[in-house]
Amino acid sequence: MVQSALSSLTLGYRPLWGRARRLAGIQLYVHEDPGTSADLAHFLRSVDEIWSRQAPPLLISPQSRQVLCNLLEHAPQGSPWIEVRGDWLAQDEGIYALVQKAKARGLMLVWAGGLADVPDADAARCFASSLLSLPPEGASGIANSVREASAQASLPVKTADKPQAAPFFASPPLNLLNGQMYEGLQSLALAQACLDDYEAAAVAGWPVADTMQAYRLQQPQPSRDALFRLMKAIDKEQSLDVMEEILGSDPVLAYRFLLYTNSAALGLRRGVDSLRRGLVMLGLGTLERWLADQLPHACVEQDLVPLRTQVVLRAKLAEELIEAGVSLDLQREMYLCSLFSQLDLMLHEPVANILRRTPLNERIFDAIVTRSGPYAAVLQMSQALEGRDPAPIRQLREQEGWEAEDLNRMLLRMLSALKLGMPQLQS
């Protein structure tokens, strides 16, 4: 049974991070739903219609051989980059023939596989780049080399101001390839080595757990980038919408702002439960002085940018997923719910304790802490769409009555609205 492409696919995504720890691209996972046959040419046309010129480059990652073969056969020149799994290429001569024809048509292909299994020179010429994974023993070996080099050079991995990987002195157990993309990196030191020492084109995903472990002793602070952007918006007398968007682009800043607007020092009669209401109640003069007070201690750590940005991406998606036709206030509340859902990672304490300090609506607390209430399913779906596994996406889709085509269009719209390198640095 042939269906509309977006109604017979399950899509997921993963950010690609560049050397400046900014958004360098989007990896889009494409699963064909059981019992369907998607029109992949129509899928590519749909993506082309939705994807904006300002959006990050797109890497399409087929999750079945059939999807890959259809894309290689039908994708026209100018299509997004397409991932080709190395094990499929090695096992199937038909795929290799399609790869050669796709290359001849001008398609940009990315070979994906283990560093130890890179293709020979003839096959490698078909690919514009590669997405490399490291075997666990190699990854841990490289990370250990970084730590050992640090100790030998008497350069601690963590200084009083900034956790950082030491220079890559020791000979690694694997020879990393310059200028390629890497995935599955669980170590911050390894991500730093790939991006800084081996000039990786991008890192797919970010080692969140190891990053937070490295920064656990630092006092969490809003990013200097967000503070500067908001101060600049005030100077330019930009709209309340712009200021609210900037304030909501940093979860730590947004949380600190709500704490401040509800503090006894301000003495406001009613609790402030939204960023917009806080901006209206506070006034620009008071806001500007408060921002200036935050600036001396602001966070400038680039390795924390991917985590903060990923939280914002999830919030933007949750805002998109909330039922069509709801009020703007409810959309903003859903955004705030998702934005605060990972505050425990950044503030290093249980999220229930964090949320109890603010007069947020109980719907937010229930969705984040007890995974119940009207926002819970949207929050869970925004999380599920971040990964490669289609099972939780399909389960939630069936449970909540989401149509696959609607869900896929909302995901593509959100991703298309992103800007390459977000958030923007201000001079």
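Residues in segment 322-340: is at least one touching a Lys or Arg at 6+ places or on another chain (Cβ under 8 Å), buried (at least 16 other Cβ atoms within 10 Å of the Cβ) and among the polar types (S, T, N, Q)? Looking through segment 322-340, at least one residue is touching a Lys or Arg at 6+ places or on another chain (Cβ under 8 Å), buried (at least 16 other Cβ atoms within 10 Å of the Cβ) and among the polar types (S, T, N, Q). Annotation: residue 372 fulfils all but one of (1) open to solvent by less than 60 Å² (accessible area, probe 1.4 Å); (2) over 25 Å from residue 58 (Cβ atoms); (3) within 23 Å of the chain's Cα centre (by Cα); the unmet one is (3).
Can we say residue 368 is β-branched (Val, Ile, Thr), touching a Ser or Thr at 6+ places or on another chain (Cβ under 9 Å), over 21 Å from residue 51 (Cβ atoms) and modelled with pLDDT of 95 or more?
On the way: β-branched (Val, Ile, Thr): yes; touching a Ser or Thr at 6+ places or on another chain (Cβ under 9 Å): yes; over 21 Å from residue 51 (Cβ atoms): yes; modelled with pLDDT of 95 or more: yes.
Yes: the conditions hold for residue 368.
When restricted to residues that are at pLDDT below 90 and either within 17 Å of residue 229 (Cβ to Cβ) or exposed (fewer than 15 other Cβ atoms within 10 Å of the Cβ) (or both), segment 269-280 contains 3. In this entry, residue 81 is excluded by the filter for residues that are modelled with pLDDT of 95 or more and either in contact with a helix residue (DSSP H, G or I) (Cβ under 8 Å, 6 or more places away or on another chain) or of a type in the set (Lys, Arg) (or both). Being of a type in the set (S, T, N, Q) and within 30 Å of residue 300 (Cα to Cα) is a condition met by at least one residue of segment 26-46.
Looking only at segment 93-125, count every residue that is of a type in the set (Gly, Ala, Ser), open to solvent by 70 Å² or more (accessible area, probe 1.4 Å) and under 29 Å from the mean Cα position of the chain (by Cα) and tell me the total. Before you say what the answer is, go through the steps one by one.
Within segment 93-125, the first condition is being of a type in the set (Gly, Ala, Ser), and the residues that meet it are 94, 97, 102, 104, 106, 112-114, 116, 121, 123-124.
Keeping just the survivors that are open to solvent by 70 Å² or more (accessible area, probe 1.4 Å) gives 104, 116.
Next, from what is left, pick out any that are under 29 Å from the mean Cα position of the chain (by Cα): 116.
Summing the residues that are of a type in the set (Gly, Ala, Ser), open to solvent by 70 Å² or more (accessible area, probe 1.4 Å) and under 29 Å from the mean Cα position of the chain (by Cα) in segment 93-125 gives 1.
Answer yes or no as to whether residue 67 is at pLDDT 95 or above, outside any loop (DSSP other than H, G, I, E, B) and in contact with a His (Cβ under 9 Å, 6 or more places away or on another chain). So that I can check it myself, show each step before the final result.
Working: at pLDDT 95 or above: yes; outside any loop (DSSP other than H, G, I, E, B): yes; in contact with a His (Cβ under 9 Å, 6 or more places away or on another chain): yes.
Spelling it out, residue 67 is indeed at pLDDT 95 or above, outside any loop (DSSP other than H, G, I, E, B) and in contact with a His (Cβ under 9 Å, 6 or more places away or on another chain).
Given 287, 345, which one is within 20 Å of residue 232 (Cα to Cα), in contact (Cβ under 8 Å) with a residue 24 or more places away in the chain and either surrounded by 21 or more Cβ atoms within 10 Å (Cβ to Cβ) or of a type outside the set (Gly, Ala, Ser) (or both)? Steps first, answer last, please.
Details: 345 fails: within 20 Å of residue 232 (Cα to Cα).
Checking each option against the conditions leaves just 287.
Tallying residues that are open to solvent by 10 Å² or more (accessible area, probe 1.4 Å) and under 22 Å from residue 300 (Cβ atoms) within segment 236-254 yields 3. Of the candidates 298, 226, 233, the single residue that is among the aliphatic types (A, V, I, L, M), surrounded by 22 or more Cβ atoms within 10 Å (Cβ to Cβ) and touching a helix residue (DSSP H, G or I) at 6+ places or on another chain (Cβ under 6 Å) is 226.
The values are calculated or read from the model by the stated rules, or taken from the named source; none is laboratory data. Please read these numbers as outputs of a predicted model, since none were measured by experiment. Don't worry about glycine lacking a Cβ; one is built from the backbone with ideal geometry, like all the others, and counts go over all protein chains shown. Accessible surface areas use protein heavy atoms only, side chains included; no ligands, DNA or RNA. Shrake-Rupley method; radii C 1.70, N 1.55, O 1.52, S 1.80 Å.
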